[in-house]
Structures are given as structure tokens and as C-alpha cells.
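Below: one structure, written as C-alpha cells.
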């Protein structure tokens, strides 16, 4: 076991070193100010628009688009920034003569796309550039110009700026980035800026859920097999079976996350066929996290060997003959995969965009690892009890409860402290708990965690003493199984909420 723990610890050193040397990130990325501002009236033609964000941002998808008073979507002639906070949009032909809309999509440091819109009014009238020409008619004598036979012709030429036209948004479910030659009204243009690609977002949400559940099974299942389980070889095989299935989930989630990240940032699934779009999407801390989870999942699938050895009974209160435990001597590859999965969460989500990155990363690592040990361990505990009952074997509930209670207690306390630190880092103020999507999801998560903790406390305070008095009392064993099953189901719900919490806005 000591050798296995050393392998896990070494796998943590590289990402920790990277974060210690990293500079602190700015606050979470969101819209800050613009010039002209939203709703402002400007008397002069506008050659330049500035958009400032609260954190670092880079254009993604359609980037910046402007609707001029004629109903035509224009792309800026130049987009520049010196600090990735303030972006300057320049136009060779000025914006003038009415209402102007601005729509933007940028990527935060964690590669999460953020979009929005605003509008202002330019009261300066549209100026038309004109040229007057008098076509000359030579007379028959070949001399001069005949004013009698000629005519004055005035041609008005309106210079059309570089434009990208888009379809009107009369239909609610239209693609906000589709294009036709029809003019667009301002309200539809602005609402399209607030729209998000629903298909990509739905797949991304599913990918996050799959990845979180996979991490819980890999980290928690491995911890339970190593520290909490003693029994027949079939018990160990059953737990490690789900560790490997967790690796499969991680691989599936990594592929889906890579695809949806590229599609969202490039505003289309065509990005999947573009190596440059894929590299842009994945050449980030989020891409590194996805790669780590994929490699960790692969290691969990291929390197988690199902080898058991007879357990030592030296420190056991209840000793069962020929109890087996997971043999770690040949499991270093699998443990390395577990470590890679754990550290992958140091590189994405709010860790990549908020607070001092090294502090946020360490808190996130502690929170993810201990929470997964608790949730995955409870799930594997419930699985073991159900299998033994189904096979009409002794449940050995007291032995399981006593061994796992130590792990669970430490995990709950550590996860709670790390979660509190993360909340302080993510939220700007206590009011964010009820005013931001992240805060409201956090409340849901805390309620579910509290419900699971109550179940664990009930088992520890009531059921475990009863089992100590009579560890073969069937009604008590049934009660223990029911509470553990409830706790496992509640913690699975916590994992699902966590998947949404990772991508929720904290502003």
C-alpha cells in the first residue's frame, strides 16, 4: 500500500509545480463596460467601439458583430487588444444614422464561451459621398463640346462597408449565426446574441455528467477497494469492474467534451473537421484537463489489474478466514490513472479563470478527491451489500461499516473544508449565493450533501452500535443497507449537480 501511495503522490507533483509557478488569474470573465455604452446616444459618427471584460477573453465563434442602422450585420475592419481585457473594434466606414447593435462571443481562460449584446444610438445623419459628371459630346466639326445636345447627369454613389448579412430572426428557433440577404431588426439581432447553441450545450452538459460520474467511480471505487473492502475475490472483482467502467465513462466524456468545446468556440460542428479549430479549442487548460481525463480513463480500463491477496487480520476486530483484498503490487498503472483523473480537475472549470490559480487548484484537488472517495466509496459499499444479500452470503455489515466509516469521516470533513474555500474563491460576496446561477446550484448541492451526511451520521450513531451488540441481527442489517442505498443515491445526485456547477456562471 505504501508503494501504491507513493505512485499516486508522484503523479501530483507535476501539476502542483505548474500551478505554483503560474501567475494568479484575474476575476471571472464577464462583460464589464463598453464605449459607447449600452443605451447611450452619440452625436458624432462612430469609427471605434471598445468592449471591456472583467477577466481575460479571446474572440470565439463569430467574435464581434455589429448591426448598423440599415439592418446589415458588419464585421469590424480591425479587432485589437493589448491585454485581452479591452477589445477595440475599428470601422473604416463609420457607424451613423440611427440605432446600432453589438453582439459578441468570447472565450474565458477555461475555454468556456460567453456571449452577450448591447446597443446605442448615433444621431449623426448618414453622409452620402457624391460626384457630378457632365458627359461631353463632340460636335460634327470635331471642335468643342455641344451644351445643346449634352445633358447633366448626377450620379449618387453610396459606399457600402464590408458586411456580413444575416437572416431575420422572425423565427424563434433559427440559428442565430445563419445568413441571408435580408435586413435584420435590432431586437432580433440582440436576442440572437444572447442565444446559445442548444445542441452543443446539451451534449456538453451530458459530457460533464458522464465525466464526473466516471471520476467518482474511478477515484472512489479504487479507494474503497484499497482501504475499505475485505471479502471474497468476487467482491474485489465486482468493485474493480466498476472502476474500469468508470474509465470508460471518462473516455466517452473526454471525447464529447473535446467535440463540443471545438464546436461551441467555432460556432458550428464543422470545427470537428478542421484541425486548426480543434487545436485552438484544445490548446488551453481545458484541453489539458480533457487529455488528462482521457489518459486516466484509459489507464483505469487497461491497467487496473484484478489481483487479490489474502488479507492480514492483525488489526481487525472481526476476522474472517481467507478474506481477500486488492493486491496493489501490480496496480501502479491503474493508480497512476486514478491520480491523473484527480489532477485533471485542477485545470478546468473555475480553477482556470478565478482567484489565485495555485490556491484554487489545490483546493479543487482536495475537494474533488475527497468528495469522490466518499461518494464512490458509498456506492461501492451499497453494491457490496446488495451482492452479498443477493447471493445469500453473510453481509458482514459491521466489518464493512467499521472499515469504511474512518475513510468516510475524513473525506466528509476534508471535502467540506475544501468546498468552503472554493466558495470563498469563486463568489465575490455572500449575496452571490442567491443572486448567481453558481450560488443557487451550490445551495442545491449543499442540501443534497446534508441529506447524505444525515444518513451517514444515522448509520454511525444508531446502526453501528446496534450491529456491535448483534452483528448478525437481520433487521439491523436491512436498515443499514437501506440507509447506505439512500446515501449512495443522494451522492449520485450531488455528482450530477456538480457537473452543472462546474460550468455555471458565478457573476
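Quick look at the values:
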item	result
Likely footprinting exposure, 392, 323, 348, fewest C-beta neighbours within 10 Å first	392, 323, 348
For the range 221-262, alpha-carbon Rg over 2.2 N^0.38 Å	1.57
Footprinting exposure proxy for 34, 274 (fewest neighbouring C-beta atoms within 10 Å first)	274, 34
For the range 390-477, the fraction of alpha-carbon pairs in successive 5 Å shells from zero, as %	3, 12, 17, 17, 13, 11, 9, 7, 6, 4, 1
Peptide ranges 97-109, 374-386, 485-497, 431-443 listed from the most packed, as the mean C-beta count within 10 angstrom indicates	374-386, 97-109, 485-497, 431-443
Per-peptide average of other Cβ atoms within 10 Å, ordering 298-310, 333-345, 449-461 highest first	333-345, 298-310, 449-461
Fewest-first ranking of 58, 409, using other Cβ atoms within 10 Å as the exposure measure	409, 58
Förster radius 30 Å - calculated FRET efficiency between residue 307 and residue 392 (Cβ-Cβ, nearest 0.05)	0.65
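Every read-out reported here was derived from the displayed coordinates using simple, explicitly stated rules and does not represent laboratory data. Being a predicted model, the structure only gives us computed values, none of them experimental. Note that each Cβ is placed from the backbone with ideal geometry, even for glycine, and that neighbours are counted across all protein chains shown.
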